[in-house]
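The structure appears below as structure tokens.
The values are calculated or read from the model by the stated rules, or taken from the named source; none is laboratory data. What you see is a predicted model, and the numbers here were worked out from it, not measured in a lab. Cβ sites come from the backbone with ideal geometry, for glycine too, and all protein chains shown count toward neighbours.
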Amino acid sequence: MTDKERIEAIQQKAKRDSYQLALLSFIGVFGFLIAWQAAVLAGWLPSRYVPMPTQIIKLFFVKITDPTPDGAVLGVHILGSLQVVLTGFLLAIIIGIPLGLLMGWYRGFDRFMSPIFEILRPIPPVSWIPITIIWMGVGLKAKGFIVFFSAFVPCVINAYTGIRQTSQVLIDFSKTCGASNFEIFYKIGIPSSMVMTFAGIRVALGNSWATLVAAEMLAASVGLGFMIQQDRMFARPDIIILGIVVIGAIGVFLTFILKKVENKVLKWRLTQ
Amino acid sequence: MDSQKIKLELENISQSYIVDNKVTDAVIDISFSVKDSEFLVILGPGRCGKTVLLNMIAGLEKPVSGRILLNGEEIKGSDRRIGMVFQKLALMPWKTVMGNVEFGLKIQGKDKKTRQEISQKFINLVGLQGFEKSYPHQLSGGMKQRVGIARAYASSPEILLMDEPFGQLDAQTRYAMQNEILRIWETEKRTIIFVTNNIEEALYLADRIILLSKFPAHVKEIYEINLPRPRDTMDPEFLKLRKIISENTDLAL
Amino acid sequence: MNKPVIVQSEAERRAKNIRRAYAILPVISLSLLTALWFYASSSKGSNFPSPLDIWNRYLLFLEKPIRGLSLLGHIWASLKRVFIALGVAWLIGISFGILIGWNKKANALFGPIFTAIRSVPPLAWVPLVTMWFGTGEFPQILIVFIGAIMPVVVNTQVGISNVYQIYLNVGKIFNASPKQVLFEIAIPSALDAIFAGLRTSTSAGWMVVLAAEMLGGKSGVGFLITRGMDSGDYALCLLSMICIGLVGAFLAIATITLERIICPWTVKKSS
């Protein structure tokens, strides 16, 4: 075989393989949906409790304009949730990452903050909800604080771990160049910690979204978590499932955007 | 006068890879034969393709053209009669020394008693008796390589391939291991194909040296080394050969 | 002969003093925190319980069980749910993770659905699960199971699909069959990734069980919190929170110890 033929043969094979895998994924997803639809139609799953995929799709378009029975249209719920989660998440990054970086670098600061931190860390964010409600009442402030806290912890921990991992060789080298401690912190420590820090941000995003849903279920008047909780009261499994799908979709969307930002900032990283 | 049997034969072996939709040659038309029970050294500058060559003999890669014949028959893919000792850590960290050495036998399906007996023999041969229950992370670099050698020997291969096995060791350990491998080879004679980029090591160990060019590799020269063992690195004959080979070696910058 | 006198240089003395100063800092911060707590609970109009209130509540609890269970009883109720859910989640999760990590076709077939389900926070399932199965033990365990199985599958999959090529080469040299490669090489080498998944799933499971109980349970530490909240018994809330933190820390330590026992070859650096 000539070289050209070899290259073409390999390319063809790669294309065929990826088509095959894509087909399998397609079958996986659609097979699941079709099996679901069929099960409800055939009566194997009770239609009172389990709506069909087609019903849910129809409902999506209805709910965009219909505020019953939970008090608001879909768009309002989505916005309500997004508002809170983004505020809490961004605040957590702005406060948490510098805190973690400083704690990782300056030993005195670390000794001061870590006992407090170690005590607060094992307490799951969800159990802070009642305390926060006692303290701040029911409302935006409480929800925001809980979301903030659940995102705050991983940001701090990962920034801390990330900067602690800074290569000692680089630090020593900078010292021989005459850099001050702060300069080394700023120019070497912080960039070195970026990979771990971003991993922490990813976890923080997942945490905030999950905690928000929980917080809304416990104490809110609008938002996706509230929506699905309410609809349990009203025995509307179709809206619940719609809500679940929307929650999942938004979660994926936010993660996707974060990934794009991460790839841009960490362009120099070796990709596997 | 060459009355020795030919163990392994490489006929016109070539390898190339497709990188960024372009064909890059790695090994070009290599042919040589390996005699039974000889210590053959393949010497080449860094990154010239010697590992690729060894991988093809081991069956880890398929050559783009050419044939490999073991005892006169063509072999395809990895053959149990060819064993390999790797350079970088290929010991399984989750297994003890005994567990690692008996690995090949376990794959072959031998029962526990037989496995342990055979493995113990080779653990003793490489001088690691007493360490059967240790884990790799508890061993030094030289000891780890000895486990690798014992593991390769344990499944009774006819040919042993060694891919720069002492490359990661410090100088003292390296010299000690060179003597070790010669002692092991004298005790349990097998055909050994040993790859290195170090001229002294090659001259110290080899019956014959195959000198490869720089990347992409082809055979530059084959040297017969008839010095008696143990060899003296300060011997004028040794140094003369060293000069000849060194001048013939391509630099790999 | 006189014993040699050790003289310290200026720099060494300075370093020692700085270290001494550092050692006091944690004490300062904790004292500040406690002082803040006392202040917050004693200022006018505050219904925030003081540490003394909490201690008293604890003693009261010892005398009067809530809903028939002592404090330890509630803790055990929560733990039981977590253990059952974790047991099943680990079994199914590791098996499924190995399947989709090892077999590309299985990954293509099942991967997308799994990723979709994974993107939904476990608690979002609560309304649906409670609508279908009520508020008994099973739905709560089910929700914990959903929350716990995700990290196990993800970590296992990553571990199995990223076996070092050199180990696979060793398998090839010895002519190992694919099944042998999976069980003798891939799975052992993935064990530390699998354990990372188990550790994450333990803390995730603990978090989810509390939330599930808060949303509709009749026993357990999460239930205690909601009970305290509803009846204005804030000391109970805080007491429960402290217990939650302690048990959470204990679970984390237990999982790490489990890993050390099963994988004696891992030399772990402390985080």
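Here are the numbers:
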| quantity | calculated |
| --- | --- |
| Given (1) assigned to a loop (DSSP other than H, G, I, E, B); (2) more than 14 Å from chain C (Cβ to nearest Cβ), number of the condition residue A:83 does not satisfy | (1) |
| Boolean, residue C:189 is facing chain A (nearest Cβ under 9 Å) and in contact with a Gly (Cβ under 9 Å, 6 or more places away or on another chain) | no |
| In the range C:224-236, residue nearest to the chain's Cα centre (by Cα) [restricted to those that are in a helix (DSSP H, G or I) and in contact (Cβ under 8 Å) with a residue 60 or more places away in the chain] | C:224 |
| Residue in the range A:103-117 that is assigned to a helix (DSSP H, G or I), more than 30 Å from residue C:224 (Cα to Cα) and away from chain C (no Cβ under 13 Å) present | yes |
| Given (1) out of contact with any Pro (no Cβ under 8 Å at 6 or more places or on another chain); (2) within 14 Å of chain C (Cβ to nearest Cβ); (3) in contact (Cβ under 8 Å) with a residue 40 or more places away in the chain, number of the condition residue A:49 does not satisfy | (1) |
| Hits in the range B:167-189 (condition: in contact (Cβ under 8 Å) with a residue 60 or more places away in the chain and small (Gly, Ala, Ser)) | B:167 |
| Restricting the range C:213-251 to residues that are at the interface with chain A (Cβ under 7 Å from one of its Cβ atoms) and touching a Gly at 6+ places or on another chain (Cβ under 7 Å), the residue that is surrounded by the fewest Cβ atoms within 10 Å (Cβ to Cβ) | C:234 |
| Test: residue in the range C:21-44 that is closer than 24 Å to residue A:126 by Cβ, in contact (Cβ under 8 Å) with a residue 24 or more places away in the chain and either buried (at least 16 other Cβ atoms within 10 Å of the Cβ) or basic (Lys, Arg) (or both) | no |
| Subset tally (residues that are surrounded by fewer than 20 Cβ atoms within 10 Å (Cβ to Cβ) and of a type in the set (A, V, I, L, M)) for the range C:143-188 | 4 |
| Some residue of the range A:199-211 being surrounded by 21 or more Cβ atoms within 10 Å (Cβ to Cβ) and under 20 Å from residue A:67 (Cα atoms) | no |
| Test: residue B:144 is assigned to a helix (DSSP H, G or I) and more than 14 Å from chain C (Cβ to nearest Cβ) | no |
| Filtered residue count, the range C:116-134, keeping only those that are within 8 Å of chain A (Cβ to nearest Cβ) and either of a type outside the set (Ser, Thr, Tyr) or closer than 13 Å to residue C:153 by Cα (or both) | 13 |
| Matching entry among B:35, B:88 (being charged (D, E, K, R), within 30 Å of residue B:242 (Cβ to Cβ) and modelled with pLDDT under 90) | B:88 |
| Any chance residue C:75 is at pLDDT 85 or above, touching a Cys at 6+ places or on another chain (Cβ under 8 Å), part of a helix (DSSP H, G or I) and at negative phi | yes |
| Residue A:51 over 30 Å from residue A:141 (Cα atoms) and not in a helix (DSSP H, G or I) | yes |
| Tabulated pairs, the range B:97-114, first more than 10 Å from chain C (Cβ to nearest Cβ), second of a type in the set (Val, Ile, Thr) and surrounded by fewer than 22 Cβ atoms within 10 Å (Cβ to Cβ), C-beta under 7 angstrom, 6+ apart or interchain | none |
| Condition broken by residue C:125, with the remaining ones in (1) at pLDDT 90 or above; (2) buried (at least 18 other Cβ atoms within 10 Å of the Cβ) satisfied | (1) |
| Given (1) over 25 Å from residue B:52 (Cα atoms); (2) within 14 Å of chain C (Cβ to nearest Cβ); (3) of a type in the set (Val, Ile, Thr), index of the condition residue B:184 fails | (2) |
| Odd one out for residue A:130 among (1) in contact (Cβ under 8 Å) with a residue 40 or more places away in the chain; (2) over 15 Å from residue A:207 (Cβ atoms); (3) not aliphatic (A, V, I, L, M) | (1) |
| Residue list for the range A:20-46, restricted to those being of a type outside the set (A, V, I, L, M, F, W, C), outside any loop (DSSP other than H, G, I, E, B) and either loosely packed, with under 10 Cβ neighbours inside 10 Å or away from chain C (no Cβ under 11 Å) (or both) | A:37 |
| Residues (over 24 Å from residue C:127 (Cα atoms) and touching a Leu at 6+ places or on another chain (Cβ under 7 Å)) located in the range A:28-56 | A:28 |
| Test: residue in the range A:108-120 that is within 30 Å of residue A:239 (Cβ to Cβ) and free of Cβ contacts under 8 Å to residues at least 12 places away in the same chain | no |
| Where residue C:111 falls short, out of the listed (1) touching a Gly at 6+ places or on another chain (Cβ under 7 Å); (2) within 8 Å of chain A (Cβ to nearest Cβ) | (1) |
| Which listed residue is closer than 14 Å to residue A:211 by Cβ, buried (at least 21 other Cβ atoms within 10 Å of the Cβ) and in contact with a Pro (Cβ under 9 Å, 6 or more places away or on another chain), from A:150, A:127 | A:150 |
| Tally, over the range B:71-91, of residues that are aliphatic (A, V, I, L, M), in a loop (DSSP other than H, G, I, E, B) and either more than 8 Å from chain C (Cβ to nearest Cβ) or surrounded by fewer than 19 Cβ atoms within 10 Å (Cβ to Cβ) (or both) | 3 |
| Answer residue from the range C:170-183, given it is in a helix (DSSP H, G or I) and more than 7 Å from chain B (Cβ to nearest Cβ) and is nearest to residue B:88 (Cα to Cα) among those | C:171 |
| Test: residue in the range A:165-178 that is crowded, with 21+ Cβ neighbours inside 10 Å and hydrophobic (A, V, I, L, M, F, W, C) | no |
| Pair list, Cβ under 6 Å, 6 or more apart: the range A:227-240 residue more than 7 Å from every other protein chain (Cβ to nearest Cβ), other residue part of a helix (DSSP H, G or I) and modelled with pLDDT under 80 | A:239/A:231 |
| Any hit, the range C:84-105, residues being surrounded by fewer than 17 Cβ atoms within 10 Å (Cβ to Cβ), modelled with pLDDT of 90 or more and not in a helix (DSSP H, G or I) | yes |
